[in-house]
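Undergrad: Structure below; questions to follow.
The values are calculated or read from the model by the stated rules, or taken from the named source; none is laboratory data. None of the values given here were measured: they were computed from a predicted structure. Cβ placement follows ideal geometry from the backbone for every residue including glycine, while neighbour counts extend to all protein chains displayed.
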């Protein structure tokens with residue numbers, strides 16, 4: 001006869017937390033949070049501002065080059081663009097399909 005494991009162990013789980021665990025962890029987190037240094041924003045130094053000016057000037061140069069190239073270089077017109085077209089014969093496609101169908105060969109038409 002097979003015994004049920006719940007009869008031996010019971011319906012409780014074997015996992016538990018120690019008494020006062022959550023209260024103690026909350027207190028520890030609050031004390032650590034109180035001792036963290038506050039973030040202080042500093043003014044930008046001259047060297048930092050110089051890098052921002054260099055980056056802004058580089059972006060302006062690239063935008064200027066892009067604008068000049070778009071203005072100077074000719075754009076393609078509809079006459080310059082080749083047109084590709086394909087003429088299909090749907091009757092030929094259907095006849096090829098019907099000839100390839102093995103079930104149509106066995107039909108009594």
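Undergrad: Take the conditions on the phi < 0 side of the Ramachandran plot, surrounded by fewer than 10 Cβ atoms within 10 Å (Cβ to Cβ) and at pLDDT 70 or above and apply them to residue 82. Does it pass?
TA: So residue 82 fails the test.
Undergrad: Do we find a residue being part of a loop (DSSP other than H, G, I, E, B), touching a helix residue (DSSP H, G or I) at 6+ places or on another chain (Cβ under 9 Å) and either surrounded by 10 or more Cβ atoms within 10 Å (Cβ to Cβ) or modelled with pLDDT of 85 or more (or both) anywhere in segment 88-104?
TA: No, that holds for no residue.
Undergrad: Further, regarding this structure: Write out, first by first residue and then by second, each pair whose Cβ atoms fall under 6 Å of each other, whose residues are 6+ apart or on separate chains, and whose first residue, in segment 31-53, is part of a helix (DSSP H, G or I) while the second is surrounded by 10 or more Cβ atoms within 10 Å (Cβ to Cβ) and modelled with pLDDT of 70 or more.
TA: Once the first residue is part of a helix (DSSP H, G or I) and sits in segment 31-53, no partner that is surrounded by 10 or more Cβ atoms within 10 Å (Cβ to Cβ) and modelled with pLDDT of 70 or more comes close enough.
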